[in-house]
Amino acid sequence: MASVREPIAVIGTGYVGLVTAAGFAELGSEVWCVDIDAAKIARLERGEIPIYEPGLAESVAANRERLHFSTELAPALGHARLLFVAVGTPPTYSGDADLSAVNAVVDAMPRSNDHALVMKSTVPVGTGAAIRRSLAERGKEGFAYVSCPEFLKEGSALDDFRHPDRIVVGDDGDWAGDAVVELYSPLDAPLVRTDIASAEMIKLAANAFLATKISFINEIANVCEETGADVLEVARGMGLDQRIGTHFLKPGIGFGGSCFPKDVSALKQLAGNSGYHFQLLTSVIEVNELQKRRVIGKLQKHLGSLVGKRVTLLGLAFKANTDDMREASSLVLAARLQADGATVTAYDPVAETEARKLMVGVQFADSALESLADSDACVIVTEWPEFGELDWSAAAERMRGRLVIDGRNFVDPEAVRAAGFVYEGIGR
Ligand SMILES: NC(=O)c1ccc[n+]([C@@H]2O[C@H](COP(=O)([O-])OP(=O)(O)OC[C@H]3O[C@@H](n4cnc5c(N)ncnc54)[C@H](O)[C@@H]3O)[C@@H](O)[C@H]2O)c1
């Protein structure tokens, strides 16, 4: 471990902030964490981890003496030059990014020639320039600014911190950019050192490309269903081409989560605000919205009207290994099913607490088998490992109907069919 590492501050202790804090504490830095959510800070001080992220609790516990939690900025400013900003940038109704939390952080900064804001939050291109202008207007031009976008994936976030594909640092070539590069130097990753606007665009473009790949393979899956091809074979055959690659060629019920939907929409809006109509992204979003609803069509194909039917959603989180429910496909699915007259039961091993805050009228169960009691159909929504080992004979005994719609192509179709079910995946 490095001898004396630069102390840092992290503002916002959500998925990105807490993982960044734990990661740099692992590398030897003292980390001052700040959040306006007093209850969250109190929990962190007690050693509780407010979110579900594999390995995070262990990492925070192991590096506890280097992690400091507060609702106050002053201790952070007193101890650290680099202030990593990891507050939320959710979508507004128009689809633009809501920068109010980022702006609140900027507004709280004092005059200083010794501090830098290091932007981890995903922001529209031009935000760094606007923040620098706004600081200068208030006599705070000495405050340095670095764009350091974050690429971690929920579910493997800490691992992604430790083994990043690349580090992107966008700056004006001053001390702060050098300090951020030095901070990341123990991690063996390619460095992209660039200007601030390009760093901001790298993040948005990367997410938009991944979302495009998902919508693309979902459309291929839909055509496979019409033509008798098996999309899993097709994706494998495509992905082995190194120019294409196997990642993100998994057809399913559409992308969700806190990043893809909002970042794709923010890039589309950004382009529109700059006078360019980003046609491709408009389609990527539309395909994704339609994909979430295709499950309803599959259910109707087998069950007819959904009025009075009982449908079980297995998994609610937007993907496995997280409790994050933001923009989860399950939300759209449950609402559509209820609107069509169905009763919805659900089970998620981790996300139930979050789901209860967002879902109305859904009946939650404590296990997969319990959630399937008297159900007419089972829909696999999230690829939680335990669903891959479900005892389908036991499921058949509890269920009223014999239909499994696998929204993730996750479970073994033969095992499901052997238990007497009709199995339908996506694009097969
Ligand atoms: N979650 C991801 O997978 C991911 C990946 C890459 C980038 N990002 C980006 O990182 C940013 C943070 O995302 P997240 O998922 O960690 O968000 P989050 O909602 O989990 O956490 C944000 C935290 O910031 C706190 N906060 C809000 N205003 C504050 C203020 N003025 N001062 C101090 N704390 C404040 C909130 O209380 C909350 O704890 C977003 O811009 C997001 O787009 C997220």
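The values are calculated or read from the model by the stated rules, or taken from the named source; none is laboratory data. Values in this document were obtained by computation on a predicted structure and should not be read as measured data. Note that we place each Cβ from the backbone using ideal geometry, even for glycine, and neighbour counts take in every protein chain shown. The accessibility values were calculated without ligands, DNA or RNA, using every heavy atom of the protein model including side chains. Shrake-Rupley method; radii C 1.70, N 1.55, O 1.52, S 1.80 Å.
Which of the residues belonging to segment 362-395 are of a type in the set (S, T, N, Q), touching a strand residue (DSSP E or B) at 6+ places or on another chain (Cβ under 9 Å) and over 22 Å from K319 (Cβ atoms)? First the steps, then the outcome.
Filtering segment 362-395 down to residues of a type in the set (S, T, N, Q) leaves 363, 367, 371, 375, 382, 393.
Among the residues that remain, those that are also touching a strand residue (DSSP E or B) at 6+ places or on another chain (Cβ under 9 Å) are: 363, 367, 371, 375, 382.
Matches in segment 362-395: Q363, S375.
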### Task
Name the one entry in E48, E65, E53 that is out of contact with any strand residue (DSSP E or B) (no Cβ under 9 Å at 6 or more places or on another chain), more than 30 Å from A129 (Cα to Cα), near the ligand (Cβ under 10 Å from one of its atoms) and charged (D, E, K, R).
E53
#### Entry: Within segment 319-370, considering residues that are more than 16 Å from the ligand (Cβ to nearest atom) and of a type in the set (K, R), the one surrounded by the most Cβ atoms within 10 Å (Cβ to Cβ)
R336
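How about segment 11-97: which helices (runs of 4 or more DSSP H) wholly inside it have at least 3 residues that are within 19 Å of the chain's Cα centre (by Cα)? Working first, answer last.
Working: elements: 15-26, 38-45, 56-62, 74-79.
Result: 15-26.
Does A157 satisfy being within 12 Å of the ligand (Cβ to nearest atom) and open to solvent by less than 10 Å² (accessible area, probe 1.4 Å)?
Details: within 12 Å of the ligand (Cβ to nearest atom): yes; open to solvent by less than 10 Å² (accessible area, probe 1.4 Å): yes.
Judged against the criteria, A157 is a match.
Any residue that is away from the ligand (no atom under 11 Å from the Cβ), aromatic (F, W, Y) and either crowded, with 17+ Cβ neighbours inside 10 Å or closer than 15 Å to A80 by Cα (or both) - is there at least one of those in segment 23-36? Step through it out loud before you land on a result.
Narrowing segment 23-36 to residues away from the ligand (no atom under 11 Å from the Cβ): 23-32.
Filter again for aromatic (F, W, Y), leaving 24, 32.
Filter once more, keeping what is either crowded, with 17+ Cβ neighbours inside 10 Å or closer than 15 Å to A80 by Cα (or both): 24, 32.
Checked against the condition, which is being away from the ligand (no atom under 11 Å from the Cβ), aromatic (F, W, Y) and either crowded, with 17+ Cβ neighbours inside 10 Å or closer than 15 Å to A80 by Cα (or both), segment 23-36 yields at least one hit.
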### Message
Going residue by residue through segment 113-120, is there one that turns out to be in contact with a Ser or Thr (Cβ under 9 Å, 6 or more places away or on another chain), in a loop (DSSP other than H, G, I, E, B) and either at pLDDT 95 or above or farther than 14 Å from V34 by Cβ (or both)?
### Response
yes
### Query
Consider S258 against the criteria (1) touching a Leu at 6+ places or on another chain (Cβ under 8 Å); (2) within 16 Å of the ligand (Cβ to nearest atom): it satisfies all of them except one. Which criterion is unmet?
(1)
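When segment 245-255 is examined, which residues are found to be within 14 Å of the ligand (Cβ to nearest atom) and surrounded by fewer than 20 Cβ atoms within 10 Å (Cβ to Cβ)?
none
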### Summary
Residues of segment 41-91 being of a type in the set (S, T, Y) and open to solvent by 20 Å² or more (accessible area, probe 1.4 Å), in sequence order, are Y52, S70, T71
### Query
Would segment 142-152 turn up any residue that is within 14 Å of the ligand (Cβ to nearest atom), of a type in the set (S, T, Y), part of a helix (DSSP H, G or I) and crowded, with 21+ Cβ neighbours inside 10 Å?
no
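Report yes if D374 is part of a loop (DSSP other than H, G, I, E, B) and surrounded by fewer than 18 Cβ atoms within 10 Å (Cβ to Cβ), otherwise no.
On the way: part of a loop (DSSP other than H, G, I, E, B): yes; surrounded by fewer than 18 Cβ atoms within 10 Å (Cβ to Cβ): yes.
Yes, satisfied.
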#### Entry: Criterion violated by M201 - all others in (1) within 29 Å of K250 (Cβ to Cβ); (2) hydrophobic (A, V, I, L, M, F, W, C); (3) open to solvent by less than 70 Å² (accessible area, probe 1.4 Å) satisfied
(3)
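If you take the residues in segment 112-134 that are more than 16 Å from L204 (Cβ to Cβ) and away from the ligand (no atom under 16 Å from the Cβ), which one is least open to solvent (accessible area, probe 1.4 Å)? Break it down into steps so the answer makes sense when it comes.
Residues of segment 112-134 more than 16 Å from L204 (Cβ to Cβ): 112-118, 131-134.
Those left that are additionally away from the ligand (no atom under 16 Å from the Cβ): 112-114, 116, 132-133.
Details: S112: 18, N113: 116, D114: 97, A116: 0, R132: 69, R133: 141 Å².
By that ranking, first place goes to A116.
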